[in-house]
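Okay, structure first, notes after.
The values are calculated or read from the model by the stated rules, or taken from the named source; none is laboratory data. It should be emphasised that the depicted structure is a prediction, and the values quoted were computed from it without experimental measurement. Here the Cβ positions follow ideal geometry from the backbone for every residue, glycine too, while neighbour counts run over all protein chains shown.
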Amino acid sequence: MERADEKLAFMLQYNNIAWYEEGAVKILDRRIYPSQVRFVTCKTYPEVIAALRDMVTQSAGPYTAAAAGMALAAYECRNEPAENQIAFLEKASNDIANARPTTARRMALITGGCLETAKKALSAGQNVPAAITEYLIAANNKRYNKVYQMAKHLVSLIPSGGAVMTQCFGETIVGQMCRVLKEQGKGDVRIFCPETRPYFQGARLTATVCRDMGMDVTVITDNMPAFVMKKERVDLFTSAADAICMDGHVVNKVGTYQIAIAAKYHGIPYYVTGAPDRVHPGIENVEIEMRDPEFTLQAMGVRTAAEGVKGYYPAFDITPPSLVSGVVTDAGIYAADQLDRYYQETDTLPFELII
């Protein structure tokens with residue numbers, strides 16, 4: 001099957017995100033990449049769930065891992081009667097989808113698609129893990145191609161020789177943005193990446209992808225965005241999102257909100273990339289995940305705070321629509337208060353633009 005991950009950076013290749021093969025799922029350990037290239041091997045779907053909760057993969061990585069986990073679940077129950085296999089896969093679908101609360105509704109779209117694929121494969125007497133893997137490739141192809149169109153709209157907002165600030169790791173849109181910048185003769189654009197503690201996704205993942213794609217990329221600490229915006233004349237702030245509510249609120253890696261405030265003050269537009277989530281009609285039904293506070297007291301395993309000091313670690317924050325200049329989708333750019341138009345004008349399913 002033709003694949004849309006060609007010409008993209010190493011960690012955006014499907015096999016290097018998460019992959020099912022021969023009764024196991026291998027997930028690139030993004031907690032240590034790029035200093036080490038190591039894969040975590042899962043032999044059961046609960047081990048995939050554990051890897052998701054332990055942040056082995058982040059950004060859009062969990063969605064590929066979720067589908068791979070469903071293929072593994074199908075392998076685990078392969079010798080059972082069909083009705084038992086369906087029951088097992090229904091449980092796996094629910095369990096994997098709820099691995100992390102903030103993204104559960106998006107994850108359910110992925111695992112639900114895998115479940116329907118499995119049922120059809122069972123009815124047709126086909127190899128179920130293979131069918132789910134084909135579904136994963138097809139879904140990723142559709143998603144990557146749509147994100148490529150999105151990148152074209154985003155790059156149209158970036159001047160040649162300009163400067164862009166990102167936040168966290170936007171996965172596919174980062175690689176596709178770099179690709180389109182090169183294609184449109186804007187390879188001289190500078191990219192600034194806040195480090196994104198405590199996992200340093202900006203420093204390790206976004207910056208590495210930008211470098212691999214041949215862009216000029218600079219890592220800054222999380223307390224530098226306002227200064228850098230003014231000093232380096234940043235033209236645009238952009239991020240992906242873990243959820244874009246239909247009421248215009250953006251849920252993304254903690255730190256996005258404060259950068260959006262700084263951008264507003266400096267007259268810099270903030271464009272979020274992705275599809276608005278119909279599963280989140282308003283911000284009130286989004287649960288912000290609170291993670292182990294101990295992670296804020298260390299940096300990459302080295303403790304930085306004294307014993308007895310408390311930590312606080314919300315994984316995400318909420319940026320109100322008043323700070324969002326526009327939502328960049330594959331179909332164009334929409335105002336934060338007009339997101340219903342996107343689904344009136346396209347036939348896109350939400351999971352196709354998990355970037």
Worksheet item: In the list Ala4, Ala82, Ala68, Ala73, which residue meets the criterion of being farther than 22 Å from Ala315 by Cβ, in contact (Cβ under 8 Å) with a residue 40 or more places away in the chain and in contact with a Cys (Cβ under 9 Å, 6 or more places away or on another chain)?
Response: Ala68
Fill in: Index of the failed condition, Val37 passing every other in (1) at pLDDT 95 or above; (2) within 23 Å of Val254 (Cα to Cα); (3) of a type in the set (A, V, I, L, M); (4) in a loop (DSSP other than H, G, I, E, B)
(2)
Worksheet item: When only residues in the range 286-305 that are without any contact (Cβ under 8 Å) to a residue 12 or more places away in the chain and either touching a helix residue (DSSP H, G or I) at 6+ places or on another chain (Cβ under 9 Å) or among the acidic types (Asp, Glu) (or both) count, which is nearest to Arg31 (Cα to Cα)?
Response: Arg303
Worksheet entry | Selected residue (only one of Thr221, Thr172, Thr166 is touching a strand residue (DSSP E or B) at 6+ places or on another chain (Cβ under 6 Å) and within 27 Å of Ile318 (Cβ to Cβ)) | Thr166
Worksheet item: Cβ-Cβ below 8 Å, separation at least six or inter-chain, first residue in the range 325-344 and part of a helix (DSSP H, G or I), second crowded, with 16+ Cβ neighbours inside 10 Å and among the hydrophobic types (A, V, I, L, M, F, W, C): which pairs?
Response: Asp340/Met246; Tyr342/Ala275; Tyr342/Val327; Tyr342/Ala331
Response to the item:
Across (1) surrounded by 18 or more Cβ atoms within 10 Å (Cβ to Cβ); (2) touching a residue at least 40 places away in the same chain (Cβ under 8 Å); (3) of a type in the set (A, V, I, L, M, F, W, C), Ile283 clears everything bar (2)
Worksheet item: Which one is surrounded by the most Cβ atoms within 10 Å (Cβ to Cβ), of the residues in the range 158-192 that are among the small types (Gly, Ala, Ser) and free of Cβ contacts under 8 Å to residues at least 40 places away in the same chain?
Response: Gly187
Worksheet item: Mind checking whether some residue in the range 117-135 is modelled with pLDDT under 95, crowded, with 19+ Cβ neighbours inside 10 Å and not assigned by TED's automatic domain parsing to the domain that holds Asn252?
Response: no
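Of all the strands (runs of 3 or more DSSP E) wholly in the range 205-257, which have at least 2 residues that are at negative phi and aromatic (Phe, Trp, Tyr)?
Filter on the range 205-257 gives an empty set.
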Item to complete: Looking only at the range 10-37, count how many residues are more than 19 Å from Gly69 (Cβ to Cβ) and over 15 Å from the mean Cα position of the chain (by Cα).
Response: 7
Worksheet item: Given Thr304, Thr296, which one is touching a Leu at 6+ places or on another chain (Cβ under 9 Å) and hydroxyl-bearing (Ser, Thr, Tyr)?
Response: Thr304
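Conditions (1) more than 23 Å from Ile259 (Cα to Cα); (2) surrounded by 13 or more Cβ atoms within 10 Å (Cβ to Cβ); (3) charged (D, E, K, R), marked per residue:
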residue	(1), (2), (3)
Gly274	no, yes, no
Ile288	no, yes, no
Asp292	yes, no, yes
Thr296	no, yes, no
Val302	yes, no, no
Gly308	yes, no, no
Tyr313	no, yes, no
Worksheet, complete the sentence: Expected output for the range 43-54 (first residue among the polar types (S, T, N, Q), partner assigned to a helix (DSSP H, G or I) and at pLDDT 95 or above, Cβ below 8 Å, 6+ apart or cross-chain) is Thr44/Leu72; Thr44/Glu76
Fill in: Of all residues in the range 7-34 being of a type in the set (Asp, Glu) and assigned to a loop (DSSP other than H, G, I, E, B), the one that is surrounded by the most Cβ atoms within 10 Å (Cβ to Cβ)
Asp29
